[in-house]
Amino acid sequence: MSPMSTQNQMTLEELKDNFEFLGDWEQRFTYLLDLGKKLPEMDEADMNEQTLVHGCQSTVYLKEQIEPGDPPTIEFVATSDAYIVRGLIAILQVIYNGKTPQQVIETDAVGTLGELGLEEHLSPTRRNGLHAMIGRIRALAEQNQH
Amino acid sequence: LNPTTTQSAFDVETIRSQFPALDQTVHGKPLVYLDNAATSQKPQVVIDAIDDYYRTYNSNVHRGLHALSEKATAAFEGAREKVRRFIGAESVESVIFTRGTTESINLVAQSWGRTNLAVGDEVLITHMEHHSNIVPWQLICEQTGATLKVVPITDAGELDMDAFASLLSEKTKMVAVVAVSNSLGTVNPVAQIVAAAKQVGAATLIDGAQSVQHGEVDVTSLGCDFYCFSGHKVFGPTGIGVLYGRRELLDAMPPYQGGGDMIQSVTFEKTEWNVLPYKFEAGTPHVEGGIGLGVALDWLDGLDRQAVTAYEHELTDYGMQRLGEIDGLRLIGTAANKIAAMSFVLDGIHAYDIGPVLDRMGVAVRTGHHCTQPVMDRFGVQATVRASVALYNTRDEIDALVQSLVKAKTFFE
């Protein structure tokens, strides 16, 4: 386990299975909030102007970095004061963390969130920072593409 | 006042039936629309007027010498007269159509400000202004060297009138104040403010965006120099707004934008400006917007306005009381005189988390800073949930909001 990887080690397949098992909106929403409540706290020293994600209704911090290795992988931690956003962060960690820059670029995170039935959180009017977070992670991947 | 639309007694069900958008379900629940401070729904007469314009007499105004253009011009200028009547202005030359309150304020800040502000002068605003009555003044102060001063607010969200009195001085050249706060619902004593400003020779601008839909306004007896409001918050179309200005001031002000319609004659050496109000209306105006706004104002004036205001006050009081009963709910803005907007936060739950739950229950509210970040800072919150009523809302809808909030809380326990 890499030093930054604080998220539980759920796979994307497990996450998809869990969401599929849930029936109505209320159950999916409760599960999203549960993921948010269980999101490990971010180191306070890492919550600063550099890691602040702008343009969100809630306060979001995201610290992304490359884990050296063969091949190097992308890892990020993030936090928010809104549970919905924390839940989305937890899902993004499952989607992205541990992937190589090339894999991150090839990953359609928005499509995956749609498959999970979370379409309503994808609209830009929600201004939840989701698209900004995805943009930051993809930008780091593009800088480190080989 | 159009006698055919006059309704002697205020009956909310009759009102509701005239708003088609209110009659629908959202996520399988009846829509409870409580985001009226953001924008109001439209009555059928306004929708019909816009439809009729495009179906039968769409044409450019002020130019064509053909039947459609003459009809469109008559309707558009007729709407200006309706606006004049609605706000009690003395002449239609004082009524300028803009895109909305924001553009009206920017027009005054730039056109009036550039010729009337200099180093040492002060512009006085308040802590509860919408960003659109802060930023235009910051810009012009930066450009002219004038200073921006801010009247503080109390814990209840009322203006500190003692502080206002002490901030007001011979240096004050403009006092720009919101009549009703969009985030706190506070009704400000604008008549008192205008009178005090006059005593020191300061000009006055009243932001009426959250006021004209809730009560009668008479700019002549109020005595303000400028008054601004938006069409879409007063049951009219989006993209149309009004700037009222006293003629002497408007006459002395340079144009805000250049283009067609605002000129008398153009040569490369010199351009003569058109007369008021056209001097400030460059380009093809928002014709159907103006016409629709005129119809909306006539519709509103056809109601017993005092009964409407009393009903909205009563609904606001009921909402404040019911919201106050919810455990862990903190009301932001508890002014003695408030109307329509009710802002609050819930202990330990971000406003952002509440909005989607309420939406699922069919309840439309606004979450965020409501373009009043200084107000949020003043109350130590990042965002609030804001429910805002209009004349078509009911006690049942307030109850639905309260039930939805109680339900929303269970998700976060």
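Each reported figure results from applying straightforward, stated rules to the coordinates on display, with no laboratory input. Predicted model, so just to flag it, every value in this text is computed and none were measured. All Cβ positions, even for glycine, are placed from backbone atoms using ideal geometry, and neighbour counts span all protein chains on display.
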Name the residues whose placed amide hydrogens come within less than 5 Å of the amide hydrogen of B:A335, ignoring near sequence neighbours (fewer than 5 apart) on the same chain. none
Positive end of the charge dipole of chain B (Lys, Arg +1 and Asp, Glu -1 on Cβ, about the Cα centre): tell me which of B:N337, B:L293, B:S221 has its Cα farthest that way. B:L293
If you filter segment B:1-97 for GluC sites (Glu not before Pro), then keep DSSP loop positions with at most 13 other Cβ within 10 Å, what is left? B:E90
Summing -39500 (n - 2.57) over every DSSP H run of at least 4 in chain A, dividing by its residue total and rounding to the nearest 500, the 222 nm mean residue ellipticity is -13500 deg cm²/dmol
Over segment B:245-326, one equal point on each Cα, no solvent: what is log10 I(q)/I(0) by the Debye formula at q = 0.13, 0.14, 0.20, 0.26 Å⁻¹? -0.68, -0.72, -0.94, -1.16
Label segment A:3-74 by shape, choosing from rounded, prolate and oblate, from the square roots a ≥ b ≥ c of the eigenvalues of the Cα gyration tensor; if a/c is under 1.5 it is rounded, and otherwise prolate applies when a/b is larger than b/c, oblate when it is not. oblate
Beyond 30 Å, what share of the Cα-Cα pairs of the protein assembly as shown remains, rounded to the nearest whole percent? 58
Charges only on Cβ, +1 for Lys and Arg, -1 for Asp and Glu: so what's the dipole of chain B about the Cα centre, in debye to the nearest 20? 480
Below 16 Å, Cα to Cα, which aspartates and glutamates can A:K99 reach? Residues fewer than 8 away in the same chain don't count. A:E13, A:E64, A:E67, A:D70, A:E75, A:D108, A:E142
Neighbour-count ranking for B:S91, A:S58, B:S230 (other C-beta within 10 angstrom, fewest to most) reads B:S91, A:S58, B:S230
Considering chain B, what Rg and Dmax in Å follow from its alpha-carbon atoms? 21.9, 72
Nearby lysines by direct alpha-carbon distance to B:K270 (threshold 25 angstrom, same-chain neighbours under 8 apart not counted): B:K279
For chain A, which DSSP H helices look membrane-span-like by this rule: Cα extent along the axis of 15 Å or more and mean Kyte-Doolittle of at least 1.0? A:83-96
In nm², what is the average projected area of the convex hull enclosing the Cα atoms of segment B:219-258? 3.8
Send over the semi-axes of segment B:109-207's equivalent ellipsoid, whole angstrom and largest first, taken as the square roots of 5 times the C-alpha gyration tensor eigenvalues. 21, 15, 11
When chain B is treated as a Gaussian network with springs between alpha carbons less than 10 Å apart, the largest mean-square fluctuation among B:F379, B:F86, B:F235 is found at B:F379
What lysines does B:K409 reach when the alpha-carbon gap must be under 23 Å and sequence neighbours fewer than 8 apart in one chain are set aside? A:K37, A:K38, B:K29
If you count the DSSP beta bridges with both ends in the protein assembly as shown, what percent of them are antiparallel, to the nearest 5? 65
Counting other beta carbons within 10 Å of each residue's own, what order do A:W25, B:W137 fall into, fewest first? A:W25, B:W137
Find, to one decimal place in angstroms, the Kirkwood hydrodynamic radius of segment A:58-131, where the mean of 1/r is taken over every pair of different Cα atoms and then inverted. 13.0
Give the share of C-alpha pairs in each 10 angstrom bin for segment B:341-395, from 0 to the last occupied bin, in whole percents, shortest bins first. 23, 53, 22, 2
Extension gain A:T30-A:N48, at 0.36 nm per residue separation less the Cα-Cα distance, in nm? 3.5 nm
Hey, if you drop one equal point scatterer on each alpha-carbon of chain A and run the Debye formula without solvent, what base-10 log of I(q)/I(0) do you get at q = 0.09, 0.16, 0.20 Å⁻¹? -0.25, -0.83, -1.34
Past the 11 angstrom mark, what percentage of all C-alpha to C-alpha distances in segment B:325-373 do you count? 74
How large is the charge dipole for segment B:304-385, taken about the Cα centre, if only the Cβ atoms of Lys, Arg (+1) and Asp, Glu (-1) carry charge, to the nearest 20 debye? 180
Around B:D317: net Lys/Arg minus Asp/Glu count, Cβ-Cβ under 12 Å: +1
Flagged as over-length at 21 Å C-alpha distance, from B:K171/B:K198; B:K82/B:K233; B:K82/B:K338, the pairs are B:K82/B:K338
Report the FRET efficiency, 1/(1 + (r/R0)^6), for B:Q264 and B:E314, where r is their Cβ-Cβ distance and R0 is 45 Å, rounded to 0.05. 0.30
Give me the mean projected area, in nm² to one decimal, of the convex hull enclosing the Cα positions of segment B:290-413. 8.9
Could you state, as a whole-number percent, how many of the C-alpha pairs of segment B:83-167 are farther apart than 15 Å? 65
Of B:D298, B:D225, B:D155, the one that fluctuates the most in a GNM where chain B has Cα springs shorter than 10 Å: B:D155
Given a Förster radius of 22 Å and the C-beta distance between A:F21 and A:A139 as r, what FRET efficiency does 1/(1 + (r/R0)^6) yield to the nearest 0.05? 0.05
Using a simple charge model, +1 on the beta-carbon of Lys and Arg, -1 on the beta-carbon of Asp and Glu, nothing else, what dipole does segment B:145-290 show about its Cα centre, in debye to the nearest 20? 220
